[in-house]
Amino acid sequence: MSVVTEVSDDGKKLTISIKGRFDFGRHQEFRESYEKLNTKPETFVVDLKDTTYLDSSALGMLLLLRDHAGGEDADVNVTNCGADVRKILAISNFDKLFDIDGPKEDKSAGKDQVGHAHQDKLNSGKA
């Protein structure tokens, strides 16, 4: 199964994980993952950790989920995006419609304890 759903114990959060290709072939399975619930969750999370490919129909499916969840007022998060998937979402301006983040383990990479990004020193010969 390439679309896996998990509802939190309190029923307030639905996590939909996409494994492999997120394309038109996943359309019915993706829609059923949120439409067949008895109650509507407050928060929807689409986990793309194991997603290897995303096309324009996947973008459309994300928009349908957003509409189902409440449109502009919806709490829909797209998480664990790999670099290629994140790039597609950014080019499509989906970062304006969804909360999007990358893999959790990458969030602190290249930052000090205060969260500042490190910059390499220029090779100017000065220490």
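Laboratory data are not the source of any read-out in this text; all were calculated from the coordinates shown. Here the structure is a predicted model, which means the values were calculated and not measured. Every residue, glycine among them, receives a Cβ derived from its backbone with ideal geometry; neighbour counts consider all protein chains shown.
For the pair ILE91/PHE24, report the inter-label distance in nm, with labels modelled 7 Å from Cα in the Cβ direction.
About 1.9 nm separates the two model spin labels.
Which cross-chain or sequence-distant (5 or more) residues have an amide H under 5 Å from the amide H of ILE100, H modelled 1.01 Å from N in plane?
Here the answer is VAL78, since their amide H atoms fall under 5 Å of that of ILE100.
Assuming 0.36 nm per residue, please report the length gained on full extension of the stretch ASP9 to HIS68 beyond their Cα-Cα distance.
Numbers: separation 59, 0.36 × 59 = 21.24 nm, distance 2.12 nm.
The ASP9-HIS68 span can extend by a further 19.1 nm.
Can you tell me the dipole magnitude for the stretch 3-104 around its Cα centre, using point charges on the Cβ only (Lys, Arg +1; Asp, Glu -1), in Debye to the nearest 20?
Numbers: 14 positive and 19 negative charges, 53 e Å.
Approximately 260 debye in magnitude.
Does the stretch 1-56 come out rounded, prolate or oblate, given a ≥ b ≥ c as the square roots of the eigenvalues of its C-alpha gyration tensor, rounded meaning a/c under 1.5 and, failing that, prolate meaning a/b above b/c?
Details: a/c = 2.51, a/b = 1.77, b/c = 1.42.
Because a/c hits 1.5 or more and a/b exceeds b/c, the stretch 1-56 counts as prolate.
Provide the gained length on full extension for the span ASP99 to THR52, in nm with one decimal, where the gain is 0.36 nm per separating residue minus the Cα-Cα distance.
Numbers: separation 47, 0.36 × 47 = 16.92 nm, distance 1.98 nm.
Contour length minus Cα-Cα distance gives 14.9 nm.
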